[in-house]
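Working notes for the structure below.
Nothing in this text is a laboratory measurement; each read-out follows from the coordinates by a stated rule. Here the structure is a predicted model, which is why all the values come from computation and not from measurement. Neighbour counts run over all protein chains shown; Cβ positions are idealised from the backbone, glycine included.
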Amino acid sequence: MNQGEILVQNFPCDLCGEVNEEFLYTKRGSLTNYPFRVVRCRSCGLIYLNPRLGEQAIKELYDRDYYNGKGFDPHVNYVADFDKQEDADKVFHPAGMVNIIEELVPPPAALLDFGCGLGDFMRQAARRGYQVEGFEVSGFAAEFASANQSKVYGQLDQIPAEKYDVVTAVEVLEHCSYPMKCLSAIHRSLKPGGTFYYTTGNFDGFYRKWRLGIKDSLDGYIAPEGHIHFYSTPVMKKYFGKLGFSEIFDFESKSYQATGRLFQLLSKFSLVEPLPAPKTFWGRGSYYGGQKLARVLGLRRKPLPLAKK
């Protein structure tokens with residue numbers, strides 16, 4: 001794909017349907033070198049690319065090359081990661097992610113991994129006793145995951161209704177051409193009281209920094225051609241409200257997670273503990289105090305809110 005062949009389309013805001021966007025800046029695609037426009041909806045605050053590739057062209061990005069680290073986002077080689085034995089050596093730490101899900105909904109719950117990719121997270125969750133299924137639009141990835149004995153749906157309307165205790169979407173929503181359709185399918189698939197857990201870049205404060213002329217570190221998260229939509233806390237609350245989720249709540253795992261430069265600095269002076277979960281009074285104090293300080297300094301963002309049906 002090159003810039004001479006690329007066909008882009010204009011879209012209204014996915015969240016509110018308005019055509020009332022404010023242009024922020026352009027970001028060139030790594031595959032096409034096309035200058036994609038980063039815009040913000042004045043009506044609801046959603047940040048997205050407009051114009052962008054059409055839905056089918058975006059789906060075709062997720063081929064064998066993408067999962068081998070040769071696509072628009074070359075930072076992860078998913079195939080190589082799948083075969084690694086140690087969770088710490090993998091980019092997204094699927095076994096560690098299962099630890100987080102266990103805090104929310106323990107096994108043997110029914111779990112759907114939305115945007116399951118090659119299925120490593122499903123594999124780890126099944127080992128812990130979860131009843132796992134997946135959804136994936138990439139034909140290559142879905143076939144790979146299915147070969148490892150996990151059922152994978154390829155169309156939104158194939159996902160069963162009210163079947164799952166928890167639906168996960170790890171670094172998926174930024175890829176979705178139509179987030180409202182995807183979130184609607186997730187809501188429909190959950191049992192009453194079921195939990196939706198997801199991760200994606202938190203764009204709280206991104207627009208404010210742009211207006212001040214400050215470049216946000218999340219600019220690197222805006223990765224055309226495949227990263228399309230970008231979310232903040234108010235935006236996610238509007239999505240959940242429109243879809244009828246009964247509860248919107250904040251959640252941060254108790255599992256110890258390194259939080260970037262500040263924690264690396266604090267660890268050098270033994271001010272944080274390199275443990276899966278700090279247990280001592282001083283360990284917990286340094287960990288959670290470090291989290292708070294990291295947020296104040298802009299080195300760490302609070303996770304986006306989760307939701308229950």
Row for the stretch 8-71, column shape: gyration tensor on C-alpha, a ≥ b ≥ c, rounded if a/c < 1.5 i.e. under 1.5, prolate if a/b over b/c, else oblate; value prolate
Return the Rg/Rh value of the stretch 55-200, two decimal places, where both radii are evaluated on C-alpha atoms and Rh is the Kirkwood radius. 0.93
Shape metrics for the stretch 107-177, restricted to C-alpha atoms - Rg then Dmax, Å: 11.1, 33
Interchain or sequence-distant (5+) residues whose placed amide H lies within less than 5 Å of the amide H of G115 are F135, E136
Taking a ≥ b ≥ c as the square roots of the Cα gyration tensor eigenvalues, with a/c under 1.5 meaning rounded and otherwise prolate when a/b beats b/c, else oblate, which class fits the stretch 25-103? oblate
State the Kirkwood hydrodynamic radius of the stretch 154-208 in Å, one decimal place, computed from all pairs of distinct Cα atoms. 12.3 Å
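By per-residue mean of other Cβ atoms within 10 Å, what is the highest-first order of 64-74, 127-137, 107-117? Working shown, then result.
On the way: 64-74: 16.5, 127-137: 20.5, 107-117: 23.5.
So the order, starting with the most tightly packed, is 107-117, 127-137, 64-74.
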